[in-house]
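Written out below as structure tokens is the structure these notes cover.
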Amino acid sequence: MANFFARVELHGAEWPDDDESLHTALQAHGFSSCITFENGEKQRLPTGFYFSTNRVDDVSRVAEAVTECADDTSFKNEVSVVKSAGSQHYLSKSC
């Protein structure tokens, strides 16, 4: 099982309204804009970052799914997906 981070930039979109359809589509694929730490605390990732945990997919399939979600918004976009073996965060917004 693997964890993935995705970063999506929607060019010309106005936050938060234009990002809502992307957020909903990514949730359907198991991504969240929040991350849960080992102590149970939930924190919000920076705008445009998403996290998915315990996936069996390879990084190519995950990237394709995220790209399809971004393309469905009709905004030009850029997508970056990273398979994570571990991460460290310093976040300030609770979920």
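Please treat every number below as a calculation from the coordinates, not as lab data. Here the structure is a predicted model, which means the values were calculated and not measured. A quick note on method: Cβ atoms are made from the backbone with ideal geometry, for glycine too, and the neighbour counts reach across all protein chains shown.
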Calc'd 3J(HN,Hα), the range 45-62, phi into Karplus 6.51 cos²θ - 1.76 cosθ + 1.60 (θ = phi - 60°), Hz, glycine/Pro = x, comes to 6, x, 3, x, 9, 9, 9, 9, 10, 6, 9, 9, 5, 7, 4, 5, 5, 5
Using the Kirkwood radius over Cα pairs, work out the Stokes-Einstein diffusion coefficient for the range 13-76 at 4 °C and 1.567 mPa s, in µm²/s as a whole number.
102
Under a point spin-label approximation (7 Å from Cα along Cα-to-Cβ), what is the Arg7-Arg44 distance to one decimal in nm?
2.0
What does the charge add up to near Ala2, with Lys and Arg as +1, Asp and Glu as -1, over the other residues with Cβ less than 12 Å from its Cβ?
+1
